[in-house]
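Trainee: Below is the structure I would like to discuss, written out as structure tokens.
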Amino acid sequence: MRRCSLPSRDMRLLDRLFLCPSTILGREKAIVVSLEQIRCVITSDEVILMNSLDGCAAQYKSELCKRLQANKDQSDDLPFEFRALELALELTCLLLDAQVKGMEGEIYPLLDDLASSINTLNLERVRRFKGNLLTLTQQVQKVSK
């Protein structure tokens, strides 16, 4: 916190127990990233991952290492911070896309059941699914803003 000159309110965003919208904050010495599954502090030469044992954070770490090794030989104009931020956004979008695809696989059979038989059970299942879809839509909107 002192090394990056971050106020404590920025560090709160990185706590998984603290519910907050997806946020990217640019500070003088660091970028604070609080996306769906990836919460980290990006400085000019390192990424400090919160909850690094989490599957998504581990995937972020390994993919970042791969990309840095691959770009070592190439003269890339993007600074480290932007490459790390780009990967965080890319993985978040892939996660949300996977959730959408999973919901698609569930909704089509459900709608087919509803089309063939309108009953209380099918209507209740559609209502629950609508709530899940609304939650996912809100998550996507938070990330896109």
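The values are calculated or read from the model by the stated rules, or taken from the named source; none is laboratory data. Since this is a predicted model, take the numbers as computed values, not measurements. Note: ideal-geometry Cβ built from the backbone for every residue, glycine included; neighbour counts use all protein chains shown.
Trainee: Could you identify the single residue in GLN59, GLN69 that is under 30 Å from ARG3 (Cα atoms), under 19 Å from the mean Cα position of the chain (by Cα) and among the polar types (S, T, N, Q)?
Mentor: Going through GLN59, GLN69 in turn, just one is under 30 Å from ARG3 (Cα atoms), under 19 Å from the mean Cα position of the chain (by Cα) and among the polar types (S, T, N, Q): GLN59.
Trainee: When the residues of the stretch 2-42 are narrowed to those that are under 24 Å from ARG83 (Cβ atoms), assigned to a loop (DSSP other than H, G, I, E, B) and over 15 Å from the mean Cα position of the chain (by Cα), which ends up modelled with the lowest pLDDT?
Mentor: Taking the candidates together, the pick is ARG3.
Trainee: In addition: Could you tell me whether the stretch 44-62 includes any residue that is in contact (Cβ under 8 Å) with a residue 12 or more places away in the chain, among the basic types (Lys, Arg) and either within 24 Å of ASP97 (Cβ to Cβ) or touching a Phe, Trp or Tyr at 6+ places or on another chain (Cβ under 7 Å) (or both)?
Mentor: Yes, the stretch 44-62 contains at least one residue that is in contact (Cβ under 8 Å) with a residue 12 or more places away in the chain, among the basic types (Lys, Arg) and either within 24 Å of ASP97 (Cβ to Cβ) or touching a Phe, Trp or Tyr at 6+ places or on another chain (Cβ under 7 Å) (or both).
Trainee: How about the stretch 69-102: which of its residues are in contact with a Leu (Cβ under 8 Å, 6 or more places away or on another chain) and exposed (fewer than 15 other Cβ atoms within 10 Å of the Cβ)?
Mentor: GLU86, VAL100
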